[in-house]
Amino acid sequence: MSRLVNQLVLKFKGRIAQPVSSMLAHLTAATFAHIALLDGQIVAEKAATDGAARAGGPQSQYERERHSLLRSYYGLLHSLVHSELFGVLTDGANAPHVEAALRVLLQGCTEGPDLQLMRQCLLVLHRLVEEWCAPWPSPSPSPSP
């Protein structure tokens, strides 16, 4: 679903802000809920197997699914911030998810799973910092009487 929304954001940019804003909270909540479920399955799977057998071995189905889901979510965030749709992230319905989204982005910057994904997360965070922490425009000086 996030890939479809991502494509729509890239195609329509600002014109799709309202529909995306109304669905982003639900999409984010569902994404985080599924990631939590996958994290539990990954932990259970690792506990059930011998650590030595898993070290350096191939990723499990749950790990691949988690990475794919995160990749789609990061792509959506990247599209939003690079299409000037910052307001969608801080809209009233979406604001409660901003902290979790930032936490996931920071995790993506440091843990990967690959360099391209780490770079994408850094670009999203960089753009958010530029937008949210930009200096306020200075008021124009009032003419002296």
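Putting +1 on Lys and Arg Cβ atoms and -1 on Asp and Glu Cβ atoms, find which of LEU85, ALA95, TYR73 reaches farthest to the positive end of the dipole of region 65-112. With unit charges placed on the Cβ atoms, the residue in question is TYR73. Under the simplified labelling scheme, the VAL129-ASP39 pair shows an inter-label distance of 2.4 nm, with each label point 7 Å from Cα along Cα→Cβ.
The angle between the Cα long axis of helix 2-12 and the longest principal axis of the Cα atoms of the chain comes to about 30 degrees, rounded to the nearest 10.
Each Lys and Arg Cβ is given +1 and each Asp and Glu Cβ -1; about its Cα centre, the chain then shows a dipole of about 360 debye. Rounded to the nearest whole angstrom, the semi-axes of the ellipsoid equivalent to the chain, taken from the Cα gyration tensor as √(5λ), stand at 36, 17, 13, largest first. Residue-wise HN-Hα couplings along region 124-129, as the Karplus relation 6.51 cos²θ - 1.76 cosθ + 1.60 with θ = phi - 60° gives them from phi, are 5, 4, 4, 5, 5, 5 Hz; Gly and Pro carry x. A straight line joining the Cα centroids of region 1-48 and region 85-130 runs 12 Å.
Angle of helix 17-48 to the longest C-alpha principal axis of the chain, folded into 0 to 90 degrees and rounded to 10: 30°. Arranged from fewest to most other beta-carbon atoms within 10 Å of their beta carbon, LEU102, LEU38, LEU80 become LEU102, LEU38, LEU80.
Angle, helix 98-111 long axis vs. longest principal axis of the chain, Cα atoms, 0 to 90°, nearest 10? Between helix and principal axis, roughly 60 degrees. Calculated [222 nm] ellipticity per residue, helices only, for the chain: -24000 deg cm²/dmol; basis is -39500 (n - 2.57) per DSSP H run with n ≥ 4, divided by all residues, nearest 500.
Here, each number is a calculation from the coordinates, and none is a lab measurement. Nothing here was measured: the structure is a model prediction, and the numbers come from that model. Counting neighbours? That spans all protein chains shown, and the Cβs are built from the backbone with ideal geometry, glycine included.
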